[in-house]
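The structure appears below as structure tokens.
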Amino acid sequence: GEAVVSTQSTGEILEKYPQMKELFGADPYMKYLVPLIVTFQLVTAYYIAQLPGPIMFFLAWALGGTINHNLSLAMHEISHNLAFGHGSPRMNRFIGFVANIPLGVPSSITFKKYHLEHHRYQGDETLDVDIPTHLEGYLFYNTFTKLIWVILQPLFYTIRPLFVHPKPMENLEILNSVWTVGWNYLIYQIAGPWALAYLIGGTLLGMGLHPMAGHFISEHYTFIKGQETYSYYGPLNYIAWNVGYHNEHHDFPYISWSRLPKVREIAPEYYQMPHYDSWCGVLYKYITAPEIGPYSRVRRGVPKTEAKKVE
């Protein structure tokens, strides 16, 4: 089952606006959109790999990185079973595997394993691996070092859980790894090593210093003291499965991406708090503002009995 703890306002909103429940459930188009996006990415990789190196590198950031970041956010939706609904967990896992193909790095199952705890135990220094470690806060403290941290974000996102909250590997994770590595081998054989480098490079570049990666920081970094979660209502939501509607998503993680804007339409008075309109602006401010850094997160503990339940 899905472990979710919503914000305090969720029950209140449902009581006031019972029609919100009509928005619950999977998105009917996602299961078609994901294979189309994956196909586009693989076909374009084949042709882009034949271009000169500098052009290929730029496209790996601008096109490949954008698409692979889009697919990583598709995996976020899928982790909440929003492609096929809660009644079809296996189909959701499979479409997660499909979304994972162009990324080149097995991540669909592992992301789900940790992400649901981010919802349930948001801000907990051990259970919410979205929170940077104290070492990151100590090392990346000024403009130059924070720039390096942003570029290396995919590395920290991958390694942090292994140190902060290691978990035994699940069978589905092993299957996810075999599947992704198998596809990597196929891509290498059919399209060549540069096509594979373009795809994996796109994953790393698209999650680093890239406009799409602004959401990593905009969601929960405390640019305003006391506000833990922030929404973004800018144009990149159109290619980011509306992940910018982040307060709305934490209130209602069982409402799919295509219906999240309706949450704000139905209950506007609950979403009047400060928000963002530019992920590039968020990245710039994070890197340059001396008062903001990896420490800028709400941190809390959870009762030990709750922590034992999770383990």
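Below, the figures for the structure above:
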| quantity | calculated |
| --- | --- |
| Of all accessible heavy-atom area on region 222-271, the percent that carbon and sulfur account for (1.4 Å) | 57 percent |
| For region 185-311, alpha-carbon Rg and Dmax in angstrom | 18.2, 55 |
| Probe 1.4 Å, accessible area per residue of the chain, Å² | 48 Å² |
| Pairs of Lys in the chain closer than 18 Å at Cα, counting only those 8 or more apart or on different chains | 13 |
| Evaluated over region 1-159, the Cα radius of gyration and Dmax, each in Å | 18.7, 59 |
| Neighbour net charge for Tyr230 - beta-carbon separation under 15 angstrom, K R +1, D E -1 | -2 |
| For the chain, the spread of Cα positions along each principal axis, largest first, Å | 56, 47, 39 |
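The values are calculated or read from the model by the stated rules, or taken from the named source; none is laboratory data. Since we're looking at a predicted model, the values are computed, not measured. All Cβ positions, even for glycine, are placed from backbone atoms using ideal geometry, and neighbour counts span all protein chains on display. Quick note on the areas: whole protein, heavy atoms, side chains included, nothing else; ligands and nucleic acids left out. Shrake-Rupley method; radii C 1.70, N 1.55, O 1.52, S 1.80 Å.
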